[in-house]
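Engineer: Following this message is one structure expressed as structure tokens.
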Amino acid sequence: MSRDLLTVAPEDTLGEAAEKMAGRGVGAALVMDFGRLVGILTERDLLAAVAGRVQTSEARVREWMTENPVTVPEATPIGRAASIMVTHNFRHLPIVDGERTIGIVSLRDVVRSVVRAYPEYEDEGE
């Protein structure tokens, strides 16, 4: 789980959000409104917008984000988080502590956890 959260506002443009995501090398941004999680904007959302030929300097995050994203508490086992992500076809899952968003788990985090659990599959530089 990453606790270094990238957040954007619903009124930000897609271009601003994409620039922030690219600059941080992340595939999702949490959409926060007055400190409350209201959505998530992912690479897939940006791709859909570009495919729809929207002007990223004008289109707003609120128009393309996934509203009210599924979240899980921090105590959720990684296997359960992975199951939710696979079932819903997510690559990112926000982690919450009550009403407060405290982190995000990515598919990469899940894979990393599996590799650590099964060290025989680690790349030995061959």
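Engineer: Which loop-located trypsin sites (Lys or Arg not before Pro) does the range 30-88 contain, where loop means any DSSP state but H, G, I, E or B and the Cβ has at most 16 other Cβ atoms within 10 Å?
Structural biologist: R53
Engineer: Quick check: pseudo-label points 7 Å beyond the Cα along Cα→Cβ at V72 and S2, how many nm apart are they?
Structural biologist: My value for the distance between the label points is 1.8 nm.
Engineer: Using a 1.4 angstrom probe, figure out how much accessible area the chain has per residue, in square angstrom, rounded to the nearest whole.
Structural biologist: Each residue of the chain exposes 64 Å² on average to a 1.4 Å probe.
Engineer: While we're here: So, R0 is 22 Å and r is the distance between the beta-carbons of R62 and D97; what FRET efficiency does that work out to, to 0.05?
Structural biologist: For R0 = 22 Å, the calculated efficiency reads 0.30.
Engineer: Percent of alpha carbon pairs in the range 18-66 separated by more than 17 Å?
Structural biologist: Counting every Cα pair in the range 18-66, those more than 17 Å apart make up 33 percent.
Engineer: Let me ask something else. Go ahead and estimate [θ] at 222 nm for the chain from helices alone: -39,500 (n - 2.57) per DSSP H run with n ≥ 4, summed, over the residue count, rounded to 500.
Structural biologist: -10500 deg cm²/dmol
Engineer: How big, on average over all directions, is the shadow cast by the Cα convex hull of the range 64-123, in nm²?
Structural biologist: 5.0 nm²
Engineer: Now for a separate question. Carbon-plus-sulfur fraction of the accessible area of the chain, 1.4 Å probe, in percent?
Structural biologist: 49 percent
Engineer: If you keep only loop residues by DSSP, which GluC sites (Glu not before Pro) in the range 16-70 have at most 13 other Cβ atoms within 10 Å of their Cβ?
Structural biologist: Answer in residue order: E58.
Engineer: Determine one quarter of the surface area of the Cα convex hull of the chain, which equals its mean projected area, and express it in nm² to one decimal. Mind showing how you got there, number by number?
Structural biologist: On the way: hull surface 36.3 nm².
Over all viewing directions, the chain projects a mean Cα-hull area of 9.1 nm².
Engineer: Here's something else I'd like to know. Looking at the range 85-123, which GluC sites (Glu not before Pro) are in a loop (DSSP not H, G, I, E or B) and have at most 16 other Cβ atoms within 10 Å?
Structural biologist: Sparse-neighbourhood loop GluC sites (Glu not before Pro): E99, E122.
Engineer: Once each part is reduced to its C-alpha centroid, what is the distance from the range 1-63 to the range 99-118 in angstrom?
Structural biologist: 20 Å
Engineer: Nearest 10 degrees, 0 to 90: what angle lies between the long axis of helix 14-24 and the longest principal axis of the chain (Cα atoms)?
Structural biologist: 30 degrees
Engineer: Now a separate question. What does the charge dipole of the chain about its Cα centre add up to, to the nearest 20 debye, if the Cβ of each Lys and Arg holds +1 and the Cβ of each Asp and Glu holds -1?
Structural biologist: Details: 14 positive and 20 negative charges, 54 e Å.
For this selection, approximately 260 debye.
The values are calculated or read from the model by the stated rules, or taken from the named source; none is laboratory data. This one's a predicted model, so the numbers in the text were calculated from it and none came from an experiment. Cβ: placed from backbone, ideal geometry, glycine included. Neighbour counts: every protein chain shown. Only protein heavy atoms, including side chains, enter the accessible area calculation; ligands, DNA and RNA are left aside. Shrake-Rupley method; radii C 1.70, N 1.55, O 1.52, S 1.80 Å.
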